[in-house]
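Report on the structure given below.
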Amino acid sequence: MLYSEVVMDHFMNPRNVGTIDDADAVGEVGNAKCGDIMRIYLKINNDVIEDVKFETFGCGSAIASSSMATEMIKGKPLSDALSLTNKAVTEALDGLPTHKIHCSVLAEGAIKAAVKDYYDKNGVKYDTKIFKDIDHEHNH
C-alpha cells in the first residue's frame, strides 16, 4: 500500500478544515511545481494557539499533512508551532511516499508563515533566520 492508514484517515476525515473569520494570523504557501496551495488560520491567545484551521488545494498527501500538522500545534504555544518540522509531520503520518514529502514541507511552511504574520501584525521582534525558508520561495 502506498499510503499509511494514518494518512488515509487524515485524507478521508481531515481535522480542522475551514477558515477562521477573525483569525489572528494567516499563513499561505504554495508550490508552483505541483500547484498545491495551503492556507493556515490561527486564533492566538497569550501566545497559545487556541484554534487552527486550514484550507488546502492539493493532493491527498497535502491534505493529510495539513490535517496532521494542525492537530500537532492546536493548544500549543507559538514556539512549539515554530519548531514543528516536516519530518515530525511525516513521522506522525507513519511516513509519506518520497515524492510526496514536499507536502509535509508545505504544511511546515504554512504554519511558519502564519506565525510570522502574527509577529508582524503585533510588532513582535523575531530572528529573521527562523523564517528564511519561507520568504524567498513562497511569497506571493
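Coordinate-derived values only; no laboratory data. Values in this document were obtained by computation on a predicted structure and should not be read as measured data. Cβ coordinates were reconstructed from backbone atoms using ideal geometry, including for glycine residues, and neighbour counts include every protein chain displayed.
Sorting HIS102, HIS10 by the number of Cβ atoms found within 10 Å of their own Cβ, with the fewest placed first, yields HIS102, HIS10. Working note: Karplus 6.51/-1.76/1.60 with θ = phi - 60° gives segment 80-93 the couplings 5, 4, 5, 8, 5, 10, 4, 5, 5, 5, 4, 5, 5, 8 Hz, where Gly and Pro are set to x. Taking other C-beta atoms within 10 Å as the exposure proxy, VAL29, VAL124 rank VAL124, VAL29 from fewest upward.
Note down the net charge around ASN46, summing +1 for each Lys or Arg and -1 for each Asp or Glu among other residues with Cβ under 14 Å from its Cβ.
Numbers: positive: LYS43, LYS76; negative: ASP24, ASP47, GLU50, ASP51, ASP80.
With Lys, Arg at +1 and Asp, Glu at -1, the neighbours total -3.
The spacing between segment 61-140 and segment 9-28, judged by their C-alpha centroids, is 13 Å. For the chain, the Cβ-based charge dipole about the Cα centre amounts to some 240 debye (Lys, Arg positive; Asp, Glu negative; other atoms uncharged).
Of all beta bridges that DSSP places with both ends in the chain, some 95 percent have antiparallel geometry.
In plain terms, the residue of MET38, MET8, MET68 with the fewest other Cβ atoms within 10 Å comes first and the most crowded comes last, giving MET8, MET68, MET38. With the largest listed first and rounded to whole Å, the semi-axes of the equivalent ellipsoid of segment 85-126 from the Cα gyration tensor are 27, 9, 6.
Near the amide H of ASP36, within less than 5 Å, lie the amide hydrogens of ASN31, all on another chain or at least 5 residues away, with H placed in the peptide plane. Counting only DSSP H runs of at least 4 residues, each contributing -39500 (n - 2.57), and dividing by the residue count of the chain, the helix-based mean residue ellipticity at 222 nm comes to -13500 deg cm²/dmol.
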